[in-house]
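Notes for the one structure printed next.
Nothing in this text is a laboratory measurement; each read-out follows from the coordinates by a stated rule. Computed from a prediction, not measured in an experiment: that's the story for all the values here. Positions of Cβ are backbone-derived with ideal geometry, glycine not excepted, and every protein chain shown enters the neighbour counts.
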Amino acid sequence: MKKFLKYLLKIIISFLLIAILLDVVYTSAIEKTIPRNKVRYALSLKNKHYNVLFLGSSRVENSIVTSMFKEQNISILNMGLEGATLGDNYLVLQLLNNNNVTFDQVFIQLDYLYNNNEDSFSETSMSNLMPLIRSKQVTPILREFDKDFNQNYYIPFYRYLTNSYRIGFREFVSSLLHKKPRISFEDGFTPKFGTTKLAKEELPKNIVSYSKVYNKINNTCLSMGIEPVYFIAPYCSKMVDNGFVRKLDSVVDNFYDYSGVVKNDNNFYNCGHLNNNGAQEFTEVIITDFFKNKKR
């Protein structure tokens, strides 16, 4: 029995040492490489100033052509995140604000996601932060929002095993090889090309009476001395509005409705996302309204 217990103890210690070693190696590789996602990129920015920040989901990432702003000598940060919730937008805004990254204007895309009243962020953003869980910037954020914080913080390599899809072996190898991400985060715009079959979609018929995360975003911007601009990006002609945009306008300050500004359905990749031609058309509208015509 004693021999068995000693053997078992050796196995446990061996596994623990291997887990600690893998944790150190993975973390070191990911920390020292260039950021491979926008959340990490936001963490890397410090003491910078931009004229404009755009926050939103892929309906920002695929719709705001940053090069067109730069042609007007407007410095811009497009932090649209594919699959992002308002909680993700709030996370990015927090990280930038904490790192003394400042802006003259902040544009935030709102749509049906306004109805998601959770102030937590998505699993994607959560996993992107996991390698830096012991960073003084990241620890308090994950402690508040990660339900498995203790396991991820105290158990070596646990966070890599449970988030292997995004920070597993493939990400480790890519980091070791200093493989660049598929897009330039300095640019932040990811164009879509062509048009898929445009299916009928619907916006919600009702709107929540109070959005906790919207208020957190709004208050953060105001604390930065900025009145944020909220807008809804274009939808194709098959989108059924159900009066949602009007309701959104009634509860959101400084809101601009661009849901129908792109008329030609050939300028959409799908009903909720513009293709490259549509993105250029929409970006020109934003630049004209807010920078050429000085709408504000």
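What to note about this one:
- For LYS197, a cut-off of 17 angstrom between C-alpha atoms picks up these aspartates and glutamates, skipping any fewer than 8 places away in its own chain: ASP265.
- Computed over the alpha-carbon pairs of region 7-67, the distance histogram in 5 Å steps reads 4, 12, 13, 16, 12, 10, 9, 7, 6, 5, 4, 2, 0 percent, short to long.
- Of all aspartates and glutamates in the structure, the ones whose alpha carbon falls short of 13 Å from that of LYS292, not counting any fewer than 8 places away in one chain, are GLU71, GLU284.
- Gain on full stretching of the segment that runs from LYS48 to GLU227 - 0.36 nm per residue minus C-alpha separation: 62.5 nm
- Label-point separation, ASN117 to ALA199 (7 Å along Cα→Cβ), nm: 2.9 nm
- The packing ranking, built from the mean of other Cβ atoms within 10 Å per residue, places the peptides 179-186, 78-85 in the order 78-85, 179-186, highest first.
- A Förster distance of 35 Å, applied to the separation of the beta-carbon atoms of LYS136 and ARG246, puts the FRET efficiency at 0.20.
- In summary, the aspartates and glutamates within cross-link reach of LYS38, defined as a Cα separation below 13 angstrom excluding same-chain residues under 8 places away, comprise GLU61, GLU82, ASP88, GLU186, ASP187.
- Helix 276-287 vs. the chain, principal-axis angle (Cα, 0 to 90°, nearest 10): 70 degrees
- In this calculation the C-beta distance from GLU186 to LYS212 is compared with R0 = 41 Å, giving a FRET efficiency of 0.80.
- Sequence of TYR7, TYR90 once ranked by neighbouring C-beta atoms within 10 Å, starting from the fewest: TYR7, TYR90
- Checking Cβ-Cβ separations below 4.7 Å across the chain identifies CYS221 as cysteines lacking any candidate disulfide partner.
- One Cα centroid belongs to region 82-132, the other to region 135-168; the line between them spans 18 Å.
- Helical mean residue ellipticity (222 nm; -39500 (n - 2.57) per DSSP H run of 4+; nearest 500) of the chain: -12500 deg cm²/dmol
- The chain pair-distance distribution - Cα-Cα, 5 Å bins, rounded %: 1, 5, 11, 14, 16, 15, 12, 9, 6, 3, 2, 2, 1, 1, 0, 0, 0
- Sites ASN100 and TYR165 - FRET efficiency at Förster radius 22 Å, r taken between beta-carbons, to 0.05: 0.10
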